[in-house]
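First comes the structure, then the notes that go with it.
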Amino acid sequence: MEHRLHIDTSIQLIGKLLFGSEQGPEVFETVRPAGQPLVDDWSCLKSMVRAFETHCGSLSQYGMKHMRSLANICNAGIREETMAKVSAQACLRFPSNSWSSLHRGFSS
């Protein structure tokens, strides 16, 4: 349960840091029209997952629910370096349990 809370609060904070406290949730909840892919650049999505997992720990199966948010970060033109910096700010403590990115995350 602690891992789920960590993932959820980290993603929310990243959204606020990137887009502001009002616009962050709006950007993350944006759904593209039918027929459009989730993300324009799949390698960007993979790099966003990697940046998150490096600083915040593994997304795990539970964290897959945040893929749309990470895809929307890419679709908004956020660069990997910015995501890494913001993830480091959002995740001040590095999880050391079995969900840590010390263990293989989804981006591996």
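For every other residue with a beta carbon closer than 15 angstrom to the beta carbon of LEU5, add +1 if it is Lys or Arg and -1 if Asp or Glu, then tell me the sum. It would help to have the intermediate numbers written out before the result.
Details: positive: ARG4, LYS65, ARG93; negative: GLU2, ASP8.
Residues close to LEU5 contribute a combined charge of +1.
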If I model a spin label as a point 7 Å beyond the Cα along the Cα-Cβ vector, how far apart are those points for GLN89 and TRP42 in nm? 3.2
C-alpha long axis of helix 80-90 to longest principal axis of the chain, angle in °: 50
Using helices alone, what [θ] at 222 nm do you get for the chain, with -39,500 (n - 2.57) per DSSP H run of 4 or more residues, divided over all residues and rounded to the nearest 500? -18000 deg cm²/dmol
What's the angle, to the nearest 10 degrees (0 to 90), between helix 42-56's Cα axis and the longest principal axis of the chain? 30
Over all directions, what mean area does the Cα convex hull of segment 38-92 project, stated in square nanometres? 3.4
For Rg and Dmax of the Cα atoms in Å, several values are listed as [x] 16.4, 49; [y] 12.9, 40; [z] 13.6, 41; flag the one computed from this structure. [y]
Could you give the dipole magnitude of the chain about its Cα centre, charging the beta-carbon of Lys and Arg +1 and that of Asp and Glu -1, in debye to the nearest 20? 240
Any residue on another chain or 5+ positions along whose placed amide H is under 5 Å from the amide H of GLY57 is listed here as SER101
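With an 8 Å Cα cut-off and a minimum separation of 6 or more residues, compute the relative contact order for segment 38-92 in percent. List each step's numbers first, then the result.
Numbers: 40 pairs, mean separation 29.2, N = 55.
Reported relative contact order: 53 percent.
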Output the 0 to 90 degree angle, nearest 10, between the alpha-carbon long axis of helix 2-19 and the longest principal axis computed from the alpha carbons of the chain. 40
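Using a Förster distance of 35 Å, how high is the FRET efficiency between GLU80 and LEU5, based on the Cβ-Cβ distance and rounded to 0.05? Intermediate results must be reported in sequence, preceding the final value.
Numbers: r = 26 Å, r/R0 = 0.74.
It comes to 0.85.
Using alpha-carbon pairs under 8 Å, 6+ residues apart, how would you state the relative contact order of the chain in percent?
Details: 128 pairs, mean separation 37.8, N = 108.
The normalised contact order for the chain reaches 35 percent.
Read-outs: derived from the displayed coordinates by stated rules, not from any lab. This is a predicted model, so every value here is computed, not measured. Note that we place each Cβ from the backbone using ideal geometry, even for glycine, and neighbour counts take in every protein chain shown.
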